[in-house]
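The values are calculated or read from the model by the stated rules, or taken from the named source; none is laboratory data. Keep in mind it's a predicted model, so treat the numbers as computed, not measured. A quick note on method: Cβ atoms are made from the backbone with ideal geometry, for glycine too, and the neighbour counts reach across all protein chains shown. The protein model used for the area step is the full one, side chains on, heavy atoms only, and it has no ligands, DNA or RNA in it. Shrake-Rupley method; radii C 1.70, N 1.55, O 1.52, S 1.80 Å.
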Amino acid sequence: MTFAIKAQGLAKEWEGKPLFQNVDFEIEDGHRVALFGRNGVGKTTLIRGLMNEIQFDRGTVWRRYPTANWGWLEQQLQLDEQTTLLSFVGSGRPEMEELRRRLLALQQEMDGMGDDDGGSERIDTESWGQLTALYGSVQEQYLIKDGYGWEVSVEQMLTRFGFSAGQFGVPYGTLSGGEKTRAQLARLLVSDPALLVLDEPTNHLDTETLSWLENWLKGYKGTVLFVSHDRSFIDSIAHAVLELTPDGARRYEGGYASYQSQRDAEIRSQQALYDKQQREKQHLVEAIRQYRQWYKQAHDAAGIDFYKRKKAEKNSTRFKAKERALERLEAEMVERPKLDPSLRIQFRDGSFEAKTLVNLHDVTFRYGDAPLFEGLCLRVQRGDKMAVVGRNGIGKSTLLKLLTSQLQPLEGLVEHHPEIRIGYFAQELDDLNLSQTVLDTLLSMDGMTQSYARTVLAGFLFPKEDVMKRVRDLSMGERCRVAFVKLYFSGANLLVLDEPTNYLDVDARERIEDALESYPGALLMVSHDRYLIRRVANRIVNVKAVSQGSGSTVEVFNGPYEEWISQSAEDSNPVDVRNQIRQLEYQLSQAIATDTPRDPDEQRQLMADIRRLQDELQALRGVK
């Protein structure tokens with residue numbers, strides 16, 4: 001097996017504190033590996049070290065491909081606001097993009113000289129000659145590097161990633177989160193990387209774009225190292241999970257579910273071995289105590305009798321042998337598995353027996369002249385745990401704000417039960433007091449005791465020393481946990497959550513899921529976390545477009561997420577349509593996999609074929 005990356009003994013400190021040490025791993029060429037671990041363990045630092053952006057304190061890295069041939073999908077990019085989509089993707093090969101820009105600038109300068117009043121006779125002959133000579137020199141470099149063929153390949157790449165020619169001149173900054181991810185991937189592939197490094201590629205992507213990204217990566221033939229907290233995404237594409245801890249790294253074959261199963265088995269095995277060794281230790285300690293006692297009694301009774309003293313020495317030999325056995329056991333003993341505190345929740349007495357909590361009736365809402373909802377009807381009832389799904393920009397957050405009366409409808413009614421208490425979670429976390437400690441944030445709530453507050457915070461992964469931190473000093477993920485705990489115990493009987501698990505690592509997400517599963521009130525949440533939706537939701541609110549420019553509507557499915565996915569697939573694509581889709585998908589994958597022809601006419605024909613297949617697929621997928 002050929003390895004794309006091999007690391008041995010890596011260690012790194014940050015501001016005098018150790019991040020990780022003894023990190024050993026190998027990534028096979030062509031494999032997709034998820035780099036996994038808690039927030040703050042050093043995943044991004046490890047990636048930067050692998051890419052030679054920073055130096056490790058200790059250890060060595062063997063790279064099959066030079067880092068110049070790696071492609072890195074970063075979270076934050078510093079770009080000129082007017083950078084077009086075409087220029088952004090073209091910058092995947094900076095030297096080619098720079099030559100293209102120079103040619104354009106020289107062409108504009110030459111056009112400007114020709115446009116002077118009085119016509120071309122007034123052009124400075126010497127300046128014109130210098131300019132045309134420079135243009136010719138740059139153009140020659142461009143031709144040698146096959147610049148015009150490269151331009152075609154950039155447009156072809158954009159087309160393959162679902163962009164139309166009309167979008168090529170759009171500023172990159174105006175694209176949606178999903179479009180930016182696709183553009184970044186197109187930019188990476190223009191540089192023809194030997195290895196892809198993706199840092200949280202699923203952030204801010206809607207379900208449709210997530211599905212697209214998963215399918216694309218499954219077809220990618222190169223090596224992929226990625227960081228993600230999206231467990232469904234890891235399950236879908238990872239060949240292996242590489243867990244990073246402060247003490248090293250451990251590889252687990254398969255996706256997240258496989259990793260979790262293997263980890264659980266390891267913990268059970270370690271706990272069983274720990275218990276067995278503790279029993280053996282207790283047995284040896286008791287045997288040593290007994291033999292010592294017998295030896296002392298026999299020795300004291302023997303007095304000066306040589307024969308009796310010799311007999312007493314047998315007990316001495318026995319307890320010394322047991323002591324040596326105890327030393328060997330203690331050298332081999334495993335540690336007790338470190339388990340986080342369990343989540344123990346006690347709800348206050350009292351119940352809310354009303355059947356209907358919120359009723360939206362014939363609600364109309366617009367942003368300016370653009371319609372969003374018209375005649376919207378939705379009812380939230382006792383026991384509902386509703387997940388709001390739909391593509392980005394379709395109106396999911398607006399729906400939550402209408403339901404909580406943060407926005408007022410132009411027409412229709414939003415009726416709340418008189419006794420309803422709504423707890424609203426938004427990613428802005430505006431209601432946190434930054435000057436308070438984590439513990440004080442909970443103690444400010446009615447009826448909260450210090451002992452119970454500490455127990456709850458431990459269950460949400462705040463150890464003893466962290467509860468005294470000021471909120472302003474917390475990471476975004478830690479602030480989200482504090483805001484959620486405060487909201488959860490606020491006495492609300494309806495929780496309305498807008499992306500509650502963003503910024504959270506998997507351990508924290510699972511604690512949120514535990515809490516929401518046992519929450520006795522009603523719940524309405526917007527989330528792209530499919531594990532969360534599968535585990536918690538019992539109804540699905542699908543926000544979707546009515547038609548082009550006509551706003552959105554909602555469809556409610558009374559059942560869990562998996563049943564909704566299955567039903568949606570059956571409803572939206574009859575058997576004959578699904579067969580056509582599969583045939584077109586195969587044809588499209590074949591066209592995309594085709595090497596770029598050298599002949600320009602053949603290149604244009606290939607791009608036209610790809611666009612046609614994409615248009616036909618889009619039309620078929622829209623069939624109801």
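Once you have the Cα-Cα distance between Gln167 and Ser258, take 0.36 nm times their residue separation minus that, and quote the gain in nm to one decimal.
28.7 nm
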Practice task
Using only the C-alpha atoms of the stretch 357-408, find the volume of their convex hull and express it per residue in Å³.
Solution key: 80
Completion exercise
The helix 256-302 Cα axis meets the longest alpha-carbon principal axis of the chain at an angle in degrees, between 0 and 90 and rounded to 10, of 20
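Where Rh is the Kirkwood radius over the Cα pairs of the stretch 159-284, the temperature 20 °C and the viscosity 1.002 mPa s, what D in µm²/s does Stokes-Einstein return?
Numbers: Rh = 17.5 Å.
The Stokes-Einstein estimate is 122 µm²/s.
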Fill in the blank from the handout: Mean projected area (nm²) from the convex hull of Cα positions in the stretch 244-283 is 3.5
Problem - Surface/4 estimate of mean projected area, convex hull on alpha-carbon atoms of the chain, nm² - result: 43.8
Handout entry: Straight-distance crosslink candidates among aspartates and glutamates, where the alpha carbon sits under 14 Å from Lys17 and sequence neighbours closer than 8 are dropped
Key = Asp57, Asp247
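Hey, what number do you get for the chain at 222 nm if only DSSP H runs of n ≥ 4 count, each worth -39500 (n - 2.57), divided across all residues, to the nearest 500?
Taken over the chain, the calculation gives -15000 deg cm²/dmol.
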Exercise for the section: Provide, as a two-decimal number, the C-alpha radius of gyration of the stretch 412-514 over 2.2 N^0.38 Å, N being how many residues it has. Expected result: 1.10
Practice task
Step through the table entries Lys355/Lys486; Lys276/Lys320; Lys43/Lys145, compare each Cα-Cα distance with 30 Å, and write down the pairs that go over it.
Solution key: Lys43/Lys145
Problem - Listed residues Gln139, Gly112, Thr202: farthest to the positive end of the dipole of the stretch 87-232 (Cβ charges) - result: Thr202
Fill in the blank from the handout: Expected vector for the stretch 416-421, Karplus 3J(HN,Hα) from phi with 6.51, -1.76, 1.60 and θ = phi - 60°, integer Hz, x for Gly and Pro, equals 10, 4, x, 9, 5, 10
Handout entry: In the stretch 10-68, the GluC sites (Glu not before Pro) that fall in loop regions by DSSP, at most 11 other Cβ within 10 Å
Key = Glu15, Glu53
Problem - Debye log10 I(q)/I(0) at q = 0.11, 0.21, 0.23, 0.24 Å⁻¹ for the stretch 1-109, Cα point scatterers - result: -0.52, -1.17, -1.31, -1.38
Practice task
With a/c under 1.5 counting as rounded, go ahead and sort the stretch 420-461 into rounded, prolate or oblate using the C-alpha gyration tensor (a ≥ b ≥ c being the square roots of the eigenvalues; past the cut-off, prolate if a/b is larger than b/c, else oblate).
Solution key: prolate
Completion exercise
A 1.4 Å probe over the protein heavy atoms gives the chain a carbon and sulfur accessible-area percentage of 47
Completion exercise
Note to self: with every protein chain in place and a 1.4 Å probe, the chain gives an accessible area per residue in Å² of 53
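Normalised by the empirical 2.2 N^0.38 Å for globular proteins, what value does the Cα Rg of the stretch 177-230 take? Could you put the intermediate results ahead of the total?
Details: Rg = 10.6 Å, N = 54, 2.2 N^0.38 = 10.0 Å.
Taking the Cα Rg and dividing by 2.2 N^0.38 Å, one obtains 1.06.
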Fill in the blank from the handout: Listed by chain and number, the residues whose amide H is under 5 Å from that of Val526, excluding neighbours fewer than 5 places away on the same chain and using placed H, are Val388, Leu497, Asp498, Glu499
Exercise for the section: Loop only per DSSP, at most 16 neighbouring Cβ atoms within 10 Å: give me the trypsin sites (Lys or Arg not before Pro) in the stretch 443-475, ordered by residue number. Expected result: Lys469
Fill in the blank from the handout: Length-normalised contact order of the chain, Cα under 8 Å, at least 6 apart, in percent, tallies to 13
Fill in the blank from the handout: Rounded to the nearest 10, the angle in degrees between the Cα long axis of helix 177-190 and the longest principal axis of the Cα atoms of the chain comes to 80
Handout entry: Cα long-axis angle, helix 575-593 against the chain (0 to 90 degrees, to the nearest 10)
Key = 80
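Any idea what the dipole of the chain comes to, in debye rounded to 20, about its Cα centre with Lys/Arg Cβ at +1 and Asp/Glu Cβ at -1?
4440
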Exercise for the section: Could you tell me which of Leu19, Val414, Pro371 has its Cα farthest along the dipole of the chain towards the positive end, charges placed at Cβ (Lys, Arg +1; Asp, Glu -1), taken about the Cα centre? Expected result: Leu19
